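> Below is a structure I'd like to ask you about.
The values are calculated or read from the model by the stated rules, or taken from the named source; none is laboratory data. As the structure is a computational prediction, the values presented were derived from the model and not from experiment. Positions of Cβ are backbone-derived with ideal geometry, glycine not excepted, and every protein chain shown enters the neighbour counts. Keep in mind that these areas ignore ligands, DNA and RNA; they rest on the heavy atoms of the full protein, side chains included. Shrake-Rupley method; radii C 1.70, N 1.55, O 1.52, S 1.80 Å.
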Amino acid sequence: SLSYLAWTHFVQGSSANAATCAERAIASARCESPHAIATALSNCAYVYQCMGAIDQVYACANELLAQAKKHGELIYLKRGTMTRSWADCMSGREHSSIDAVQEHIDLLLAAGEEIEVTYHLGVLADLQMRQERYSDAVASLDKALQFAAKNQENFYLAELYRLKAQALARDPEARAPGDETDYLAMAHETARSQQANGWLNRLALKSGETVA
């Protein structure tokens with residue numbers, strides 16, 4: 001589907017192509033089934049989240065929630081709630097919305113739904129770090145990495161490593177005893193192996209480097 005192509009464009013480092021493709025994906029899905037619309041809205045919301053496009057995230061989340069409620073798409077109802085809660089946190093509207101993200105991740109896992117949970121746990125960890133809850137962030141990332149290994153779900157793996165390196169740099173005491181892993185190096189290695197210029201550019205941002 002076009003929504004997966006939008007994600008691919010973003011990961012390859014082309015945010016402009018990703019945004020254009022996301023718009024096309026949602027428009028195309030509206031001519032298909034309610035489930036196709038929900039899938040496109042959810043997937044494209046991930047793209048917009050990674051781009052920091054909060055207005056577009058709200059638009060996707062609100063339409064996704066309406067679709068999910070109307071057609072009984074319970075999994076997408078939870079995903080839409082998490083997505084909108086993220087936007088609330090990022091826009092400063094409701095800092096307690098981070099609890100809603102945690103709650104709905106737990107509900108998905110309780111229902112046996114592990115698909116894309118690595119992404120949601122990574123998003124949760126980022127929010128936790130923004131609130132200086134570094135030990136909570138490390139716990140979320142450890143859980144995400146466990147699911148990534150269990151399910152071979154690696155589409156967000158480079159970011160999980162980057163986020164863990166960031167959390168441990170800010171709170172070294174959150175590192176598990178005996179853990180000498182260089183998570184930043186693992187983030188670079190994973191992104192390179194996946195030819196993920198989008199993640200490489202994010203890793204290089206602080207040093208002022210770019211990836212061709």
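> Starting from a Cα-only point model with no solvent, please compute log10 I(q)/I(0) by Debye for segment 73-135 at q = 0.15, 0.21, 0.28, 0.29 1/Å.
Log10 I(q)/I(0), no solvent term: -0.41, -0.78, -1.24, -1.30.
> Residue by residue, what Karplus-based ³J(HN,Hα) values in Hz, rounded to whole numbers, does segment 145-161 have, using 6.51, -1.76 and 1.60 with θ = phi - 60° and x for Gly and Pro?
So the Karplus estimates, Gly and Pro as x, are 5, 5, 5, 4, 5, 5, 9, 6, 9, 10, 5, 10, 5, 4, 5, 4, 5 Hz.
> Using all alpha carbons of the chain, what is the percent of pairwise distances in each 5 Å bin, ordered from the shortest bin to the longest?
Taking all Cα pairs of the chain, the binned fractions are 1, 8, 15, 19, 21, 18, 11, 5, 2, 1, 0 percent.
> Further, regarding this structure: Would you be so kind as to identify which of Ala59, Leu168, Leu124 lies farthest towards the positive end of the dipole of the chain, taking Lys and Arg as +1 and Asp and Glu as -1 on Cβ and the Cα centre as origin?
Ranked along the dipole, the leading option is Ala59.
> Can you figure out the FRET efficiency of Arg24 with Lys69, using R₀ = 25 Å and their beta-carbon distance, to the nearest 0.05?
After rounding to 0.05, the efficiency reads 0.50.
> Taking every eigenvalue of the Cα gyration tensor of segment 99-169, multiplying by 5 and rooting it, what semi-axes result, largest first, whole Å?
Details: eigenvalues 68, 45, 13 Å².
Result for segment 99-169: semi-axes of 18, 15, 8 Å.
> While we're on this one: State the extension gain, in nm to one decimal, for the chain segment bounded by Arg192 and Ala169, taking 0.36 nm per residue of separation less the distance between their alpha-carbons.
Value of the extension gain: 6.1 nm.
> Counting pairs of alpha carbon atoms under 8 Å apart in space and at least six apart in sequence, what relative contact order in percent does segment 53-116 give?
28 percent
> Counting every Cα pair in segment 36-121, what percent are over 21 Å apart?
Pairs farther apart than 21 Å: 21 percent.
> Which order do Arg79, Arg202 take by accessible area at a 1.4 Å probe, largest first?
Numbers: Arg79 15, Arg202 75 Å².
Largest accessible area first, the list is Arg202, Arg79.
> Shifting gears a bit: Leaving out ligands and nucleic acids, and using a 1.4 Å probe, what accessible area per residue does segment 89-212 come to in Å²?
53 Å²
> Per residue of segment 124-129, what does 6.51 cos²θ - 1.76 cosθ + 1.60 with θ = phi - 60° give for ³J(HN,Hα)? Whole Hz please, x for Gly and Pro, Karplus curve as stated.
With the stated coefficients, segment 124-129 comes to 4, 4, 4, 5, 4, 5 Hz.
> Does anything in segment 149-166 have its amide N under 20 Å from the 7 Å Cα→Cβ label point of Asp182, and if so which residues?
157-166
> Moving on. With θ taken as phi - 60° and the coefficients 6.51, -1.76 and 1.60, list the Karplus ³J(HN,Hα) couplings across segment 173-190 in order, rounded to whole Hz; mark glycine and proline as x.
Karplus-based 3J(HN,Hα) across segment 173-190 equals 5, 7, 6, 5, x, x, 7, 10, 5, 8, 5, 5, 5, 5, 4, 4, 4, 5 Hz.
> Take every Cα-Cα distance within segment 1-70, group them into 5 Å bins from 0 onward, and report for each bin the whole-number percent of pairs it holds.
In order of increasing distance, the bins hold 4, 22, 31, 25, 13, 5, 1, 0 percent.
> In debye to the nearest 20, how big a dipole does the chain give about its Cα centre with +1 on each Lys and Arg Cβ and -1 on each Asp and Glu Cβ?
For the chain, the charge dipole is close to 460 debye.
> Which FRET efficiency, nearest 0.05, do Ser33 and Glu94 yield, Cβ-Cβ r, R0 41 Å?
E between Ser33 and Glu94, to the nearest 0.05, is 0.80.
> Here's something else I'd like to know. 222 nm [θ] for the chain, helices only, -39500 (n - 2.57) per DSSP H run of 4+, per residue, to 500?
-24000 deg cm²/dmol
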